[in-house]
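Structure first, commentary second.
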Amino acid sequence: MRHFAVVGSGPAGFYTAEALERAYGESARIDILDRYPVPYGLIRFGVAPDHQSLKAVAKRYDKVAESAGVDFIGNITIGRDVSVAELLDLYDAVILATGAPHDRKLGIPGEDLPGVVGSAEFVGWYNGHPDFADLDPPLGGPHAAVIGAGNVALDCARILSKTRHEFEGSDIVGHALEALDQSAIRTVTILGRRGPHQVAMTPKELGELGHLEAAVPLIEPADFPPQEADEALEPGLRKSVSLLRGFADLEATKAKQIVFDFFAKPVAIEGDGRAERIIVERTLLDDSGAARGTGETYAVPASLVVTAIGYSTSPIADVPFAGGKFVNEAGRIAERLYAVGWARRGPTGTIGTNRPDGYEVADQVAAAMVPGSDSDRAGAEGLKRLLAERGVMATDYDDWRKIEETETGQARPGSPREKFVRVEDWLRTLGR
Ligand code: NAP
């Protein structure tokens with residue numbers, strides 16, 4: 001028997017578990033450990049609630065969780081309850097799939113004022129993340145701004161602009177739906193420090209902005225280079241730019257506006273004890289394509305500022321870390337220690353990008369430990385003993401059913417979720 005620990009239960013963790021399960025079948029036990037009491041990471045807490053088709057991938061992960069050799073154990077924090085070195089003693093391989101849950105910082109004055117929230121916090125708030133249920137973003141003023149020109153910025157702007165009716169069929173949590181329904185926000189400005197040709201927004205997500213019930217996207221035509229320049233763009237980006245050009249023809253005919261402001265670099269956030277405006281510097285692109293400030297500044301009013309400029313991974317004691325992710329070569333950090341997903345590559349790509357990532361690392365593990373070979377490592381039983389000795393209890397998020405209920409409308413009895421245990425319940429199975 002081989003014993004594998006996958007740390008993190010988002011897409012990267014589940015694709016890796018799936019690949020290991022396929023490679024090893026009954027000759028391995030795979031424990032998926034997560035600091036939260038419920039699995040699926042980004043699928044649950046990151047994907048927008050009105051993108052149900054993307055969330056449907058969780059059904060595939062349910063299937064992995066159903067496998068006899070796979071367990072999900074929630075409420076264990078690696079690096080606090082148990083170290084990576086201890087896991088490596090107990091398991092044949094440890095795969096870190098911890099994602100990139102922290103907001104990158106802008107590094108400008110006023111960033112810590114009340115009213116400025118990172119996208120991980122804001123997205124977590126409307127997705128029922130237990131850490132952000134009390135975020136209470138200020139929605140009482142007429143102006144909000146989202147900083148960044150990627151898909152997360154689009155998600156945040158869209159959620160701020162939708163009507164109650166447009167959330168039907170989504171799994172947005174009740175507290176966010178009620179607050180958004182009462183929102184006074186009428187303008188959401190999306191600030192891109194570079195231009196329309198440099199957006200990281202994809203066509204499907206941009207296209208959605210053109211069909212909102214009560215909001216219209218607007219752009220200054222002067223922000224675009226001559227139309228012929230679009231020919232040189234790769235097809236996906238060309239499509240995005242074509243959608244943006246279409247927005248430049250629209251007028252403020254609806255109650256809310258999503259205003260794209262390009263070549264606009266935030267240099268400070270100001271206000272009397274809370275965010276009231278962003279000071280923005282006009283930019284030009286230099287020869288390398290980077291945004292260079294021109295010295296011309298202006299103010300964009302915003303009592304809610306959401307920064308959506310990318311994420312970083314949490315460091316874990318004794319695991320080499322640089323540039324917001326674990327230091328690795330093709331996923332290998334050290335002997336028997338690997339990283340997958342955003343913890344390996346940084347926060348880029350789609351959910352599907354994590355599949356080849358997980359399979360590649362599982363192949364490396366299988367090459368080093370031929371399926372069918374045995375080890376004398378203690379695996380789950382050893383981890384249970386260690387955690388029981390330490391008295392580790394599921395105290396962090398004890399009302400996990402509530403998380404499920406607020407997000408999905410109802411818990412799903414009979415689903416593989418019944419198999420998902422929290423650490424304290426898991427420890428009761430010691431020796432069985
Ligand atoms: P992203 O795609 O990397 O975009 C980050 C944006 O922030 C870029 O426009 C970047 O501009 C800007 N930025 C970075 N630092 C900045 C600063 N200091 N000041 C101003 N702007 C700054 O990141 P993301 O939007 O967080 O998305 C992460 C990944 O998840 C992406 O691969 C995304 O496609 C994916 N995702 C997909 C979906 C979907 O498929 N529906 C939804 C959400 C997220 P520069 O280009 O100038 O650096």
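The values are calculated or read from the model by the stated rules, or taken from the named source; none is laboratory data. Not measured: the values here are computed from a predicted model. Don't worry about glycine lacking a Cβ; one is built from the backbone with ideal geometry, like all the others, and counts go over all protein chains shown. For accessibility, only protein heavy atoms count, side chains too; no ligands or nucleic acids. Shrake-Rupley method; radii C 1.70, N 1.55, O 1.52, S 1.80 Å.
Summing +1 for each Lys or Arg and -1 for each Asp or Glu among the other residues whose beta-carbon sits under 10 angstrom from that of S170 gives -2. Relative to the 2.2 N^0.38 Å rule of thumb, region 1-113 has a C-alpha radius of gyration ratio of 1.21.
If you sort E213, E86, E251 by accessible surface, 1.4 Å probe, largest first, the order is E251, E213, E86. Pair-distance distribution P(r) for the chain, from all Cα-Cα distances in 10 Å bins starting at 0: 4, 21, 28, 24, 15, 7, 1, 0 percent.
In the chain, the longest principal axis of the Cα atoms and the axis of helix 235-248 are about 40 degrees apart. Projection of the Cα convex hull of region 159-199, averaged over all directions and equal to a quarter of that hull's surface, yields 4.2 nm².
Only Cα pairs under 8 Å and 6+ residues apart enter the sum, and on that basis the relative contact order of the chain stands at 25 percent.
Peptides 303-311, 43-51, 92-100 ranked from most to least packed, by the mean per-residue count of other Cβ atoms within 10 Å: 92-100, 303-311, 43-51.
Phi angles of region 163-180 translate, via the Karplus equation with coefficients 6.51, -1.76, 1.60 and θ = phi - 60°, into HN-Hα couplings of 8, 3, 4, 6, 8, 4, x, 8, 10, 4, 6, x, 4, 6, 4, 4, 5, 5 Hz per residue; Gly and Pro are given as x.
Under 5 Å between amide hydrogens, built in the peptide plane, is the criterion, and for F321 it picks out V327 among residues at least 5 positions away or on other chains.
What the chain shows is 42 Å² of accessible area per residue, with the surface traced by a 1.4 Å probe over protein heavy atoms.
3J(HN,Hα) along region 354-368: 6, 5, x, 4, x, 5, 5, 5, 4, 4, 4, 5, 5, 5, 7 Hz, from the Karplus curve 6.51 cos²θ - 1.76 cosθ + 1.60 with θ = phi - 60°, whole Hz, x for Gly and Pro. The alpha carbon centroids of region 304-349 and region 1-69 are separated by 18 Å. The mean sequence separation of alpha-carbon pairs under 8 Å and at least six residues apart, normalised by the residue count of region 6-66, gives a relative contact order of 40 percent. Ellipsoid semi-axes for region 49-141, based on the Cα gyration tensor and the rule √(5λ), read 33, 21, 11 Å when sorted largest first.
Using only the C-alpha atoms, the convex hull of region 97-196 corresponds to 137 Å³ per residue. Segment S83..R432, full-extension length gain: 123.2 nm, with 0.36 nm per residue of separation and the alpha-carbon distance subtracted. Kindly identify region 202-296 as rounded, prolate or oblate by the Cα gyration tensor criterion: order the square roots of the eigenvalues as a ≥ b ≥ c, call it rounded if a/c is under 1.5, otherwise compare a/b with b/c, prolate if a/b is larger, else oblate. In terms of gyration-tensor shape, oblate. If you count Lys pairs in the chain whose Cα atoms are under 18 Å apart, skipping same-chain pairs closer than 8 places in sequence, the total is 12. With the simple spin-label model, which puts each label point 7 Å out from Cα in the Cβ direction, the L233 to D286 separation comes to 2.4 nm. Skipping prolines and chain starts, which residues have an amide H placed within reach, meaning under 5 Å, of the one on G195, given they are 5 or more residues away or on another chain? Here the answer is F263, since their amide H atoms fall under 5 Å of that of G195. Computed packing ranks the peptides 175-181, 385-391 as 175-181, 385-391, most packed first, by mean other Cβ atoms within 10 Å. Among 57-70, 334-347, the peptide with the highest mean count of other Cβ atoms within 10 Å heads the list, and the full ranking is 334-347, 57-70.
Taken along the Cα-to-beta-carbon direction at a fixed 7 Å, the label points for E381 and A334 span 2.7 nm.
Taking other residues whose beta carbon is less than 12 angstrom from the beta carbon of R245, and scoring Lys, Arg as +1 and Asp, Glu as -1, yields -2.
What shape does region 211-256 take by its C-alpha gyration tensor, where a ≥ b ≥ c are the square roots of the eigenvalues and a/c under 1.5 counts as rounded, a/b above b/c as prolate, and the rest as oblate?
Values: a/c = 4.32, a/b = 1.95, b/c = 2.22.
Judged from the Cα gyration tensor, region 211-256 comes out oblate (a/c at least 1.5, b/c at or above a/b).
Treating each Cα of region 270-367 as an identical point scatterer and summing with the Debye formula, the log10 of I(q)/I(0) at q = 0.13, 0.22, 0.25 Å⁻¹ comes to -0.72, -1.07, -1.23. Once backbone amide H atoms are built at 1.01 Å from N, V116 has A275, V305 as its partners under 5 Å, excluding neighbours fewer than 5 places away on the same chain. Is region 145-281 rounded, prolate or oblate when judged by the Cα gyration tensor, a ≥ b ≥ c being the square roots of its eigenvalues, rounded requiring a/c under 1.5 and prolate requiring a/b larger than b/c? Note, shape of region 145-281 comes out oblate. For region 278-294, backbone phi angles converted through the Karplus equation (6.51, -1.76, 1.60; θ = phi - 60°) give residue-by-residue couplings of 10, 8, 10, 9, 4, 10, 10, 8, 8, 4, 8, x, 7, 7, 10, x, 9 Hz, Gly and Pro being listed as x.
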